[in-house]
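The values are calculated or read from the model by the stated rules, or taken from the named source; none is laboratory data. Quantities reported herein were computed from a predicted structural model and do not represent experimental measurements. Cβ placement follows ideal geometry from the backbone for every residue including glycine, while neighbour counts extend to all protein chains displayed.
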C-alpha cells in the first residue's frame with residue numbers, strides 16, 4: 001500500500017517510519033511525505049496512476065489540509081485516493097467540514113497508531 005503523509009511538521013516522517021517499521025520492512029506499506037499542500041499536489045501530479053491513501057494534517061501554512069482535500073476530490077478521480085484527515089483540532093466544525101468535502105476518515109492527534117493500523121488493514 002502506498003501512503004502519502006502530508007504534514008508541515010518534519011518530525012512526522014521519523015515518527016511514521018518508527019511506528020510502521022515492520023510494515024515497511026515487510027513491504028506491506030510504502031510511505032511518501034509532503035510538507036505542504038502544494039508539495040502534496042506536486043506529488044499527486046507526478047504519480048497520477050498510483051492507488052494512494054493520503055493522511056493529511058488540517059492545520060498547515062499556505063494551503064490548509066481542508067483546501068488540499070477539496071482540490072484532491074475535485075481533481076484526482078482516477079483512481080480516487082482515499083483521504084484521512086489527521087488533526088489536533090477534533091472539534092465538530094473541522095470534522096463536519098472534512099466529511100462534507102469528502103474525507104474518508106478523521107483522526108485526532110496525538111495519533112493512536114494502533115487505531116490507525118487497524119483502519120489501514122482493510123484498505124491494504
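Would you mind stating whether residue 102 is in contact (Cβ under 8 Å) with a residue 40 or more places away in the chain and under 14 Å from the mean Cα position of the chain (by Cα)? Answer is no for this residue.
Name the residues in segment 32-80 that are out of contact with any strand residue (DSSP E or B) (no Cβ under 7 Å at 6 or more places or on another chain) and loosely packed, with under 13 Cβ neighbours inside 10 Å, would you? Selection gives 42, 45, 46, 48, 49, 61, 62, 74, 75, 77, 78, 79.
Does residue 17 count as at pLDDT 95 or above, surrounded by fewer than 18 Cβ atoms within 10 Å (Cβ to Cβ) and within 21 Å of residue 121 (Cβ to Cβ)? Yes; evaluated as a whole, the condition is true for this residue. Filtering segment 88-112 to residues that are part of a helix (DSSP H, G or I), modelled with pLDDT under 95 and under 20 Å from residue 12 (Cβ atoms) leaves only 94.
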